[in-house]
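A quick write-up on the structure given underneath.
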Amino acid sequence: MDIININNRRYLGNKYKLLPFIKGVVERECGDVRSFFDVFAGTGAVASAFTDCRLIVNDLMRSNYITALAWFSSEHFDRVKVAEILSSFNNFNASNESNYFSENFSDTYFSKIVCQKIGYIRDSVDEYLKSGVVNRREWALIITSLFYSMDRIAATCGHYDSFIQGAELPQEIILRLPNIDYNLAEDNLILNCDANAVANTVNCDIAYLDPPYNSRQYCDAYHLLENIAIWNKPKVFGVARKMDRSNMKSEYCRTTATAQLEELVNNLKTRYILLSYNNNGKKLQVRSNAKISDDDILRILSSRGEVKIFTTDYRPFSAGKGENTGNQERLFLCVVQR
Ligand SMILES: C[S@@+](CC[C@H](N)C(=O)[O-])C[C@H]1O[C@@H](n2cnc3c(N)ncnc32)[C@H](O)[C@@H]1O
């Protein structure tokens, strides 16, 4: 069966390409690191570079929690069984299926037949969990496979703020096996919480912070994955078919971002705080402007210890025109002393 790797996905702010930079800074500056807390994990790309450590992986979004369970949970899984289930879904003819997903999303981001299949898979995998056919890790691996396959064929430019009208929609979705070829610690912890709510509950060597930079809410861009992850089949609205997301918003995308970061940094129980924050400067689109100023970042981090800044030029994944090009990506490292 074909495989997928953790980076085979489009995600705003994904740091996969920056891993050599991040790893290099940690190796040079932090010495012996045994536990790594990815506080705003997103795809989990950064955690994937520290699988030799105990991992604590957190994200506010349920869809990222599920993918983190798949990639990093310490729970054992049966690779052969998962591959067999994925194959049986690939071979299943869903043309007679009608379900929440086909009723609400046919011929938008995906064709009707693909929506019939997505809804069928999502319902079935919950049944498998309930009846004990799969454990929670296996359940997460199957949903993760579904997310990655959807990303490959969605009629979007990388997120679900809108779909491309009139695009030719693929008639098939093929699931692939997540490629997990590393040994994990036995006590990894996967969390689905507000970063500020868990900051003081975790003891670690490094807390890596990669919060959203601007007012673009991830629950808006990835509402469709979140809908499938939570799967309580909400009403959806408008052309983009979004559900109510009022209880999913991040304070890091609002004017409260600076106060949030200050509270978070004050509460972390860690030897090092490593913060990613790019300096994309002032942009024409107001929502692209960074929420936290460099002065505030330095003031907040310095309150815990000595701060060093590392920079690299980097062109991140960006879906919008004229956004985020020619960025300089920065890492702020705080050696915690107080
Ligand atoms: C810049 S992205 C992280 C990207 C990630 N480092 C990667 O490589 O994929 C920011 C992430 O923070 C999450 N997030 C936003 N507000 C949060 C909060 N208050 N607590 C935890 N996670 C949050 C978003 O869901 C998003 O996945």
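The values are calculated or read from the model by the stated rules, or taken from the named source; none is laboratory data. Only a predicted model underlies this, so the values are computations on that prediction, with no experimental measurement involved. Positions of Cβ are backbone-derived with ideal geometry, glycine not excepted, and every protein chain shown enters the neighbour counts.
Here are the numbers for the structure shown:
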quantity	calculated
Which numbered condition LEU129 misses (of (1) more than 28 Å from PHE40 (Cα to Cα); (2) without any contact (Cβ under 8 Å) to a residue 12 or more places away in the chain)	(1)
Test: residue in region 52-68 that is of a type in the set (S, T, N, Q), more than 11 Å from the ligand (Cβ to nearest atom) and either closer than 15 Å to CYS193 by Cα or part of a loop (DSSP other than H, G, I, E, B) (or both)	no
Check on ARG122, at pLDDT 95 or above and either surrounded by fewer than 20 Cβ atoms within 10 Å (Cβ to Cβ) or among the polar types (S, T, N, Q) (or both)	no
Unmet criterion (only one of (1) surrounded by fewer than 21 Cβ atoms within 10 Å (Cβ to Cβ); (2) closer than 23 Å to SER98 by Cα; (3) over 19 Å from the mean Cα position of the chain (by Cα)) for GLN116	(1)
Members of region 209-251 found to be of a type in the set (D, E, K, R), in a loop (DSSP other than H, G, I, E, B) and within 15 Å of the ligand (Cβ to nearest atom), listed by number	ASP210, ARG216, ARG245, LYS249
Whichever residue in region 145-190 is assigned to a helix (DSSP H, G or I) and among the small types (Gly, Ala, Ser) and, among such residues, is surrounded by the fewest Cβ atoms within 10 Å (Cβ to Cβ)	SER149
Any hit, region 265-273, residues being away from the ligand (no atom under 15 Å from the Cβ) and among the hydroxyl-bearing types (Ser, Thr, Tyr)	yes
Residue count for region 1-40, restricted to those that are under 22 Å from ASN203 (Cα atoms) and assigned to a loop (DSSP other than H, G, I, E, B)	6
Unmet requirement for THR43, which otherwise passes all of (1) polar (S, T, N, Q); (2) touching a Lys or Arg at 6+ places or on another chain (Cβ under 8 Å); (3) in a helix (DSSP H, G or I)	(3)
Residues satisfying the stated conditions in region 157-170, i.e. out of contact with any helix residue (DSSP H, G or I) (no Cβ under 8 Å at 6 or more places or on another chain) and within 16 Å of SER106 (Cβ to Cβ)	PHE163, ILE164, GLN165, GLY166, ALA167, GLU168
Options ILE142, ILE113: the member that is in a helix (DSSP H, G or I) and in contact with a Phe, Trp or Tyr (Cβ under 9 Å, 6 or more places away or on another chain)	ILE142
Unique match (being of a type in the set (Asp, Glu), within 26 Å of ILE164 (Cα to Cα) and away from the ligand (no atom under 14 Å from the Cβ)) among GLU84, GLU97, GLU75	GLU97
In region 2-50, residue farthest from ALA221 (Cα to Cα) [restricted to those that are acidic (Asp, Glu) and more than 9 Å from the ligand (Cβ to nearest atom)]	ASP32
Selected residue [of a type in the set (Gly, Ala, Ser), in contact (Cβ under 8 Å) with a residue 24 or more places away in the chain, touching a Pro at 6+ places or on another chain (Cβ under 7 Å) and under 21 Å from ARG10 (Cβ atoms)] from SER149, SER111	SER111
